[in-house]
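The values are calculated or read from the model by the stated rules, or taken from the named source; none is laboratory data. This structure is a prediction, so every number in the text was calculated from the model and none was measured. Counting neighbours? That spans all protein chains shown, and the Cβs are built from the backbone with ideal geometry, glycine included.
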Ligand SMILES: [Zn+2]
């Protein structure tokens, strides 16, 4: 009899210990989503290199990135993955309990995204998206395949397509555009075993052919360099982004998040 009671006690104890942990883990990976009453809009921040190179508008110094990530963290921003951004836009839902959402994107795939940005993203628990020029992977100054795989494993970074060769798409004919979009998609599948649904137009240049082809090739969303918050009304293949430039004040940075 005593034996049976202690067994029941042990089972209850085990449930009590394990249950909160599993709920916690589920919460962390899959937020609950809530329908919004107004059409949703949120900022998609655009970074490139994270390095101290005065005069280069594409390089945000690491200490400035840190201030900005700390701001997002301290102000309760939920950082979206590309799949979550798609869900938010197409279903008009936000993660429950989060009024503020942001998608943090880095273009081109610079190696300093690994050496300088990644430690800060980890420190402030910010999810980010890196758009790779697939033919440039492993070339000097760019992310290596090993670094990409390491980041991919972390689950905090999602890699998306920035085409094969970073050509301005509006200058290419239809067949050339298709090849740029398809070759990159194939690279992701073969090299990273990752189906990428997100496209970032090189230099923000594109035309009507690009948006049609992006859909045909199998991308679900595409990002431009048009300033402003992203909304569904822009069209899923013409989403706006907010450019973060070096030496921005924190006030200027915070205003990118709201208008
Ligand atoms: Zn680019």
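Miscellaneous remarks
- For residue 85, the conditions (1) within 16 Å of the ligand (Cβ to nearest atom); (2) touching a strand residue (DSSP E or B) at 6+ places or on another chain (Cβ under 7 Å) all hold with the exception of (1).
- Residue 138 away from the ligand (no atom under 16 Å from the Cβ), at positive phi and at pLDDT 95 or above: yes
- Scope the stretch 157-180; condition farther than 17 Å from residue 110 by Cα, away from the ligand (no atom under 12 Å from the Cβ) and not in a helix (DSSP H, G or I); matching residues: 172, 173
- Residue within the stretch 89-99 that is closer than 16 Å to residue 46 by Cβ, in contact (Cβ under 8 Å) with a residue 24 or more places away in the chain and in contact with a helix residue (DSSP H, G or I) (Cβ under 7 Å, 6 or more places away or on another chain) present: no
For (1) within 16 Å of the ligand (Cβ to nearest atom); (2) at pLDDT 95 or above, each residue gets a yes or a no:
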| site | (1), (2) |
| --- | --- |
| 62 | no, yes |
| 67 | no, yes |
| 77 | no, yes |
| 90 | no, yes |
| 97 | no, no |
| 100 | no, yes |
| 111 | yes, yes |
| 114 | no, yes |
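- Among residues of the stretch 196-209 being touching a strand residue (DSSP E or B) at 6+ places or on another chain (Cβ under 8 Å) and within 19 Å of residue 186 (Cβ to Cβ), the one that is farthest from the ligand (Cβ to nearest atom) is 197.
- Scan of the stretch 231-259 for residues that are outside any loop (DSSP other than H, G, I, E, B) and either touching a helix residue (DSSP H, G or I) at 6+ places or on another chain (Cβ under 7 Å) or without any contact (Cβ under 8 Å) to a residue 40 or more places away in the chain (or both), ordered by number: 232, 234, 242, 250, 251, 252, 253, 254, 255
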